[in-house]
1. What number of residues within region 93-106 are of a type in the set (S, T, N, Q) and open to solvent by less than 30 Å² (accessible area, probe 1.4 Å)?
2. So MET120 ticks every box in (1) farther than 27 Å from ARG30 by Cβ; (2) open to solvent by 20 Å² or more (accessible area, probe 1.4 Å); (3) touching a residue at least 12 places away in the same chain (Cβ under 8 Å) but one. Which box is left unticked?
3. What's the number of the condition THR68 fails, among (1) open to solvent by 40 Å² or more (accessible area, probe 1.4 Å); (2) closer than 26 Å to ARG132 by Cβ; (3) modelled with pLDDT under 90?
4. Determine if region 119-132 includes at least one residue that is more than 19 Å from PRO52 (Cα to Cα) and part of a helix (DSSP H, G or I).
5. Here is a check on your reading of the model: is GLU146 open to solvent by 60 Å² or more (accessible area, probe 1.4 Å), within 14 Å of the chain's Cα centre (by Cα) and at pLDDT 90 or above?
6. Among the residues that make up region 48-58, is at least one of them in contact (Cβ under 8 Å) with a residue 12 or more places away in the chain, surrounded by 13 or more Cβ atoms within 10 Å (Cβ to Cβ) and not in a helix (DSSP H, G or I)?
Amino acid sequence: MEFFLIGIGVVILVVVLWAIGAYNGLVRLRNLVQEAWHQIDTELQRRHDLIPNLVETVKGYAAHERATFEAVTQARAAASNPGMSPAEQARTENVLTQALGRLFAVAEQYPDLMASQNFMQLQNELTNTEDRVAAGRRFYNANVRELNTRVETFPISIIANMFGFTRAEYFETEDPSARQAPTVQF
């Protein structure tokens, strides 16, 4: 009888240790997802900060393109709203990317603007930021995939449900080309 009680005690201890390990693993993954999202948010904010300078630079050369400038400004304002889910953020960023594409199309019509050092520097910074956003999105989505897999996999799903861990949302674009840096042909 004594060995039976020791055996049950060992099994209970193993189950408790497994549950603690599973819980801690889920917390680690949730924190990685949150950290990755904050990195994306930082890069998106950098992108949003560059846009007014870019618009002002183009305005100096193409003052009559008011509708394009307003579209970029409105899209930037919508994309800058805090507290959006990854899907909502992706939608607003798609609109902003399209508006930036129209702005760059306007810029192509002005050779002096295209030769401007300030414009070129802003365009390069925006391209670098777009690259960092893309890298951040890949890192974030990889962490989301791992967390979602753990949350849905038995028997860890039991621990996840007990402690309120849920699937995280991917940061995806509707159009794969929408998140690429706008290109300007010289």
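1. Let us first name the residues in region 93-106 that are of a type in the set (S, T, N, Q), namely 94, 97-98.
When the remaining residues are screened for being open to solvent by less than 30 Å² (accessible area, probe 1.4 Å), the result is 94, 97.
The qualifying residues number 2.
2. Unmet condition: (3).
3. Failing condition for THR68: (1).
4. Looking only at region 119-132, we keep the residues that are more than 19 Å from PRO52 (Cα to Cα), and these are 131-132.
Next, only the ones that are part of a helix (DSSP H, G or I) stay: 131-132.
Checked region 119-132: at least one residue is more than 19 Å from PRO52 (Cα to Cα) and part of a helix (DSSP H, G or I).
5. Values: open to solvent by 60 Å² or more (accessible area, probe 1.4 Å): yes; within 14 Å of the chain's Cα centre (by Cα): no; at pLDDT 90 or above: yes.
Taking the combined requirement at face value, the residue does not satisfy it.
6. No, there is no match, as no residue in region 48-58 is in contact (Cβ under 8 Å) with a residue 12 or more places away in the chain, surrounded by 13 or more Cβ atoms within 10 Å (Cβ to Cβ) and not in a helix (DSSP H, G or I).
The values are calculated or read from the model by the stated rules, or taken from the named source; none is laboratory data. Just so it is clear, the structure is predicted and the values come from calculations on it, not from any experiment. Counting neighbours? That spans all protein chains shown, and the Cβs are built from the backbone with ideal geometry, glycine included. With ligands, DNA and RNA removed, areas are computed over all heavy atoms of the protein, side chains included. Shrake-Rupley method; radii C 1.70, N 1.55, O 1.52, S 1.80 Å.
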